[in-house]
Amino acid sequence: MALKKKKEGVKKTFGLQLKDDTKQGIYAVIFFLLAIFTLLAPFKIAGVAGDTVYKAFFSLFGFGYYLIPIGFGIVGATFIEIAEPEFFRNRVIGLVLFLISGLGMFELAIKDAGGIVGRLIAYPFFRLFGIYVGILFLGGILLTSLFILFDKHPNLRGFFEKIGAFFSGGKD
């Protein structure tokens, strides 16, 4: 009896046989919709669901709530940019690190700005390192989360050259 070969790059998802590229597109649309929904919710133009989500998440995350639509947008962009299906888990991990580090930074910078979750994250950093070094470490985690999300080698040399040029008055 001959075994049926699966089409390369095609797996069952949602009960459908979809190519990996198709799934990537679906995930991108879902994350962009979540970004728009969470962006509109604070303005009371996302219906009852938007009001409920905003109130709940704002109490948990404080002003860090605004990282949520940014994070969803970044994840949506990575689904368009990176065409490797195994990265879904990495994107979720990157998004969680992005939110956690951002909430902690908000809380360290402005008391009660990171909500309940921000306070929980910021407390150990504050106790161990103080405000400034805590923000520095959380900023490093935030940058790391972006590297994970985009899975690209950062051009740090170019970045530091631009910073140096800025501080030297644009002279090379």
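The values are calculated or read from the model by the stated rules, or taken from the named source; none is laboratory data. Model, not experiment: these values are computed from the prediction. Here the Cβ is made from the backbone with ideal geometry for all residues, glycine too, and neighbour counts use every protein chain on show. Protein only, heavy atoms only, side chains kept; ligands, DNA and RNA dropped before computing areas. Shrake-Rupley method; radii C 1.70, N 1.55, O 1.52, S 1.80 Å.
Here are a few things to note about the model shown:
- Restricted to segment 102-132, and to residues there that are out of contact with any helix residue (DSSP H, G or I) (no Cβ under 8 Å at 6 or more places or on another chain) and part of a helix (DSSP H, G or I), the residue that is nearest to residue 78 (Cα to Cα) is 120.
- Just one of the listed residues (130, 104) is out of contact with any Cys (no Cβ under 6 Å at 6 or more places or on another chain) and either under 29 Å from residue 40 (Cβ atoms) or surrounded by 17 or more Cβ atoms within 10 Å (Cβ to Cβ) (or both), namely 104.
- Restricted to segment 60-84, and to residues there that are surrounded by fewer than 18 Cβ atoms within 10 Å (Cβ to Cβ) and more than 15 Å from residue 99 (Cβ to Cβ), the residue that is modelled with the highest pLDDT is 77.
- Looking only at residues in segment 17-39 that are open to solvent by 90 Å² or more (accessible area, probe 1.4 Å) and not in a helix (DSSP H, G or I), the one that is modelled with the lowest pLDDT is 19.
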